[in-house]
Amino acid sequence: MIPRILLRSSLLIFHRTYCISTRSPSHSLRAYASVLHKPIAIRSYVTKTPIDEKIEEIQELYATAKDEFELASEETEKKTVYAADDRAAAQEELAKLKEAFERAVGEEGGDEIKRRVGNRVRELESAVKAMEERAMED
């Protein structure tokens, strides 16, 4: 059994030395891989779709809102003087996230956006709500 690193390096050497032809490099690599009976993944670089860009924007907002939530949760648990302000900041970031999510879901590709990031938005929303309820109990 050939170790994976040796296989990859031998493919690169083969490709650089013997694959000077009119065919595409990926064709030559596939031909060599078929001799070895090993599949080779060849990357194709694709530009982002508008849906991917919207999801990326929502994920950035989610990361910010989650960071604020974690900070607020920690401060609320410790019952510090900053807890109320941190909870307000978490609510504000969650509102921005929900607004961007609702806007994206209402546009083209909304079902895919809902499927890919909807659960995270709902989980964060319920976590912030639970944190607020804990704060009210104390």
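Take the residues in segment 47-94 that are under 19 Å from the mean Cα position of the chain (by Cα) and assigned to a loop (DSSP other than H, G, I, E, B), then tell me which one is surrounded by the fewest Cβ atoms within 10 Å (Cβ to Cβ).
The selected residue is Thr47.
Per-residue answers, yes or no, for (1) surrounded by 12 or more Cβ atoms within 10 Å (Cβ to Cβ); (2) basic (Lys, Arg):
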{"residue": "Lys96", "(1), (2)": "yes, yes"}
{"residue": "Val105", "(1), (2)": "yes, no"}
{"residue": "Val117", "(1), (2)": "yes, no"}
{"residue": "Val121", "(1), (2)": "yes, no"}
{"residue": "Ser126", "(1), (2)": "no, no"}
{"residue": "Glu132", "(1), (2)": "yes, no"}
{"residue": "Ala135", "(1), (2)": "yes, no"}
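Checking the condition part of a helix (DSSP H, G or I), more than 18 Å from Met131 (Cβ to Cβ) and at pLDDT 95 or above, which residue from Arg30, Arg103 passes?
Selected residue: Arg103, the only one of Arg30, Arg103 that is part of a helix (DSSP H, G or I), more than 18 Å from Met131 (Cβ to Cβ) and at pLDDT 95 or above.
Being charged (D, E, K, R) and within 16 Å of Lys96 (Cβ to Cβ) is the filter here; which residues of segment 48-83 pass it? Steps first, please.
Initial filter on segment 48-83 (charged (D, E, K, R)): 48, 52-54, 56-57, 60, 66-68, 70, 74-75, 77-79.
Of everything in segment 48-83, those that are charged (D, E, K, R) and within 16 Å of Lys96 (Cβ to Cβ) turn out to be Lys54, Glu56, Glu57, Glu60, Lys66, Asp67, Glu68.
The values are calculated or read from the model by the stated rules, or taken from the named source; none is laboratory data. All values derive from a computational prediction rather than experimental measurement. Cβ coordinates were reconstructed from backbone atoms using ideal geometry, including for glycine residues, and neighbour counts include every protein chain displayed.
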